[in-house]
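The values are calculated or read from the model by the stated rules, or taken from the named source; none is laboratory data. The shown structure was predicted, so the numbers you read here are calculated from the model rather than taken from an experiment. So basically every Cβ, Gly included, is an ideal-geometry build from the backbone, and we count neighbours across all protein chains shown. Protein only, heavy atoms only, side chains kept; ligands, DNA and RNA dropped before computing areas. Shrake-Rupley method; radii C 1.70, N 1.55, O 1.52, S 1.80 Å.
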Amino acid sequence: MKLWLDTADADELRAASRFGVISGVTTNPSLWAKAASGTDYREVVVEICSIIDGPISAECVAQDVDGLVEEARKIASWHPNIVVKIPLDENGLEAIYRVSKEGIKINTTLIFQPNQALLAAQAGATYVSPFVGRLDDISQEGMTVVGDIVDIFDRYNLPAQVLAASLRHPLHVIQAAQAGAHIATMPYAVFQAMFKHPLTDAGMQKFLEDARKAAKVRT
Ligand code: G3P
């Protein structure tokens, strides 16, 4: 399972890129507003493309099919690594079909049930993004949807990749991997939490103390 960062914050991406394990990025208008309100979305996304050399998602906000197609073409022209995010409703599905035929990569966003993913995959989307945390928020098992989509795509050899999104804590990352997601996209704080275990800290402290003691005995 690949690890992507869900952020529009260039500083977070620079910090996370040091380890070589983040291979893509997802942004959306809310993340843009949070990280860089008042800036130009294109500039934010192009800067992100200069930090992480992998698929970078940027989202459309047009409300009709022609508008989505036009916006998708424009966003895709910003950088060769751009993946255009389109939400899955009736207009979104038609736009996905039209722009996928032109070779534009689509990440279908705001997926909450497997039929939406099935439609997006058959319309030509490269990625489908079930939102786990937002389903958990309304007392539905978000990760079950991820697993169901993975099973359906496997059964029918659909090439679209399942991108587990709206992950809120490190357990979600483990569960996404267990469910067979191809990619997990997560906030920086969740990525940082993947490093940590109190027994690692305690173990390092003990090794350090013992190394000091052992060195003293020798001298
Ligand atoms: O990738 C989608 C993500 O940004 C949504 O997360 O926490 O707003 O549901 P959240």
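Of note:
- Theoretical FRET efficiency, 1/(1+(r/R0)^6), r = Cβ-Cβ of Arg73 and Gln113, R0 22 Å, to 0.05: 0.15
- Only Lys, Arg, Asp and Glu carry charge here, each on its Cβ (+1 for the first two, -1 for the last two); on that basis the chain has a dipole of about 1200 debye about its Cα centre.
- Helix-only mean residue ellipticity at 222 nm for the chain, each DSSP H run of n ≥ 4 adding -39500 (n - 2.57), per residue, nearest 500: -16000 deg cm²/dmol
- Net charge of Cβ neighbours under 15 Å - reference Thr144; Lys, Arg +1; Asp, Glu -1: -4
- Rounded to the nearest 10 degrees, the angle from helix 41-51 to the longest Cα principal axis of the chain is 40 degrees.
- For Ile22, no residue 5 or more places off, or on another chain, has a built amide H under 5 Å of its own.
- In summary, the lysines within cross-link reach of Lys74, defined as a Cα separation below 25 angstrom excluding same-chain residues under 8 places away, comprise Lys34, Lys85, Lys101, Lys105.
- Of the accessible area of the chain, computed with a 1.4 Å probe over protein heavy atoms only, carbon and sulfur atoms account for 53 percent.
- Surface exposure of the chain, expressed per residue as accessible area with a 1.4 Å probe, stands at 53 Å².
- Average Cα contact separation per residue, the chain, under 8 Å, 6 or more apart, as relative contact order %: 17
- Extents of the stretch 18-159, taken as max minus min of Cα coordinates on every principal axis and listed largest first, are 39, 35, 28 Å.
- Of the trypsin sites (Lys or Arg not before Pro) found in the stretch 1-78, the ones in coil according to DSSP and having at most 15 other Cβ atoms within 10 Å of their Cβ are Arg18.
- Alpha-carbon centroid distance for the pair the stretch 125-157 / the stretch 94-116, whole angstrom: 15
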